[in-house]
Amino acid sequence: MRVYVPTTLNDLAVAHPEGVLEQSVAYAVTPALREWYVSDDLEELEYAALNRAALSSVRLLAADPKAPRRRVVVAVEVADSAVTPFPGDEYQDQASLGRVVLGGPIRLVKAAAVHADDLDPDVQADVAAAADAVTAADRGDQDAQFTVDGAEDHELLWFATQEIPGLIG
């Protein structure tokens with residue numbers, strides 16, 4: 001199963017020397033995500049899971065004001081047995097669709113790719129604004145939600161795992 005692990009550049013920099021990313025929450029193509037998205041196209045479903053992980057990365061940025069304002073998601077293949085459904089009602093809100101719990105840390109050598117925002121100042125400004133607004137958006141503030149959605153207008157770039165040192169450097 002492919003999972004998408006949200007993180008930040010700061011957390012990736014900490015994980016890189018040891019090759020282990022300590023993150024327990026990820027996003028994957030789950031039955032609830034399939035039902036909500038109403039598609040049998042695995043590529044589309046994985047893209048939806050990636051976008052949910054990117055939004056989770058925004059929440060991590062909100063919690064770490066010193067992290068560079070770039071969303072980061074590590075895509076990794078794991079055994080189905082290494083993933084369990086997130087506790088509680090997965091249908092609680094759209095952002096929680098596809099959320100899973102990982103059975104242990106992620107070894108970066110197993111990662112398929114890293115997805116991250118471009119260095120474009122406009123992209124970073126939109127991501128920074130989203131990180132500042134995500135808490136208010138979660139409370140139902142429509143203007144804040146519009147700001148958070150603005151970050152989603154930017155596609156994450158694909159990086160090979162060998163490019164991690166350049167991302168965190």
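With label points built 7 Å along Cα→Cβ from the Cα atoms of Asp64 and Ser81, find their separation and express it in nm.
3.1
Can you give me the solvent accessible area of Leu167 with a 1.4 Å probe, rounded to the nearest 10 Å²?
20
Length gain on complete extension for the stretch Glu155 to Glu43, per 0.36 nm per residue less the alpha carbon to alpha carbon distance?
38.8 nm
How far is it, in nm, from the label point at Gln162 to the one at Met1 when both lie 7 Å from their Cα along the line to the Cβ?
The two pseudo-label positions are separated by 3.1 nm.
Are there any GluC sites (Glu not before Pro) in the range 87-169 that are in a DSSP loop and have at most 15 other Cβ atoms within 10 Å? List them by number.
In loop regions of the range 87-169 (DSSP not H, G, I, E or B), the sparsely surrounded GluC sites (Glu not before Pro) are Glu155.
For Asp143 and Lys110, FRET efficiency with R0 = 35 Å and r from the beta-carbon atoms, rounded to 0.05?
0.30
For q values of 0.11, 0.14, 0.15, 0.17 Å⁻¹, compute log₁₀ I(q)/I(0) with the Debye formula on a Cα-only model of the chain, without solvent.
So the normalised log intensities work out to -0.42, -0.69, -0.80, -1.04.
Taking all pairs of distinct Cα atoms, average 1/r, flip it, and tell me the Kirkwood hydrodynamic radius of the range 116-160 in Å to one decimal place.
For the range 116-160, the Kirkwood estimate is 10.8 Å.
By the gyration tensor of its Cα atoms, with a ≥ b ≥ c the square roots of the eigenvalues, what is the shape of the range 81-169: rounded for a/c under 1.5, prolate for a/b over b/c, or oblate?
It is oblate, given that a/c is not under 1.5 and a/b is not larger than b/c.
The values are calculated or read from the model by the stated rules, or taken from the named source; none is laboratory data. These numbers come from a predicted model, not from an experiment. Glycine gets a Cβ as well: all are built from the backbone with ideal geometry, and neighbour counts include every protein chain shown. Side chains included, ligands, DNA and RNA excluded: accessible areas come from the protein's heavy atoms. Shrake-Rupley method; radii C 1.70, N 1.55, O 1.52, S 1.80 Å.
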